1. Give the residue that is farthest from the chain's Cα centre (by Cα), with candidates limited to residues of the range 15-27 that are near the ligand (Cβ under 10 Å from one of its atoms) and of a type outside the set (S, T, Y).
2. Scan the range 15-26 and report the pairs whose first residue is closer than 11 Å to D3 by Cβ and whose second residue is at pLDDT 90 or above and more than 11 Å from the ligand (Cβ to nearest atom), with Cβ atoms within less than 6 Å and a gap of 6+ or a chain change.
Amino acid sequence: MADVVATYESDSHPGKFYNICRAGDGSLYCDCPAWRFQKGKLPNERTCKHLKLYHSRLVQRTQAKYDGAPRMQAAAFTPKRKPALEKRR
Ligand SMILES: [Zn+2]
């Protein structure tokens, strides 16, 4: 089963909507012609302006949640834990 995670109106065909769907394996796909015509690429390598828009909104939301600091960077500055033996002193 695929869930529709976002719907975008077509720029060239107002009134026509394209759906971003999440497949059962977690991969995202779009049902617009631009996405479907990317033959020769694996489904998870294809992209289109709707998927890009969807991803850029996800990034914005993530950044707001972590107060502008990407999670990966914050983790890089976390000091390593001391060895358990040292703790017992
Ligand atoms: Zn699309």
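1. Out of the qualifying residues, it is N19.
2. N19/V4; I20/V5; C21/V4; R22/D3; R22/V5
Residue-by-condition table, conditions (1) surrounded by 12 or more Cβ atoms within 10 Å (Cβ to Cβ); (2) at positive phi; (3) in a loop (DSSP other than H, G, I, E, B); (4) among the aliphatic types (A, V, I, L, M):
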position: V5; (1), (2), (3), (4): yes, no, no, yes
position: G15; (1), (2), (3), (4): no, yes, yes, no
position: Y18; (1), (2), (3), (4): yes, no, no, no
position: C21; (1), (2), (3), (4): yes, no, no, no
position: Y29; (1), (2), (3), (4): yes, no, no, no
position: W35; (1), (2), (3), (4): yes, no, no, no
position: G40; (1), (2), (3), (4): no, yes, yes, no
position: N44; (1), (2), (3), (4): yes, no, no, no
position: H50; (1), (2), (3), (4): yes, no, no, no
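The values are calculated or read from the model by the stated rules, or taken from the named source; none is laboratory data. No experiment lies behind these values; they were computed from the predicted model shown. Please note: Cβ atoms are built from the backbone with ideal geometry, for glycine as well, and neighbour counts cover all protein chains shown.
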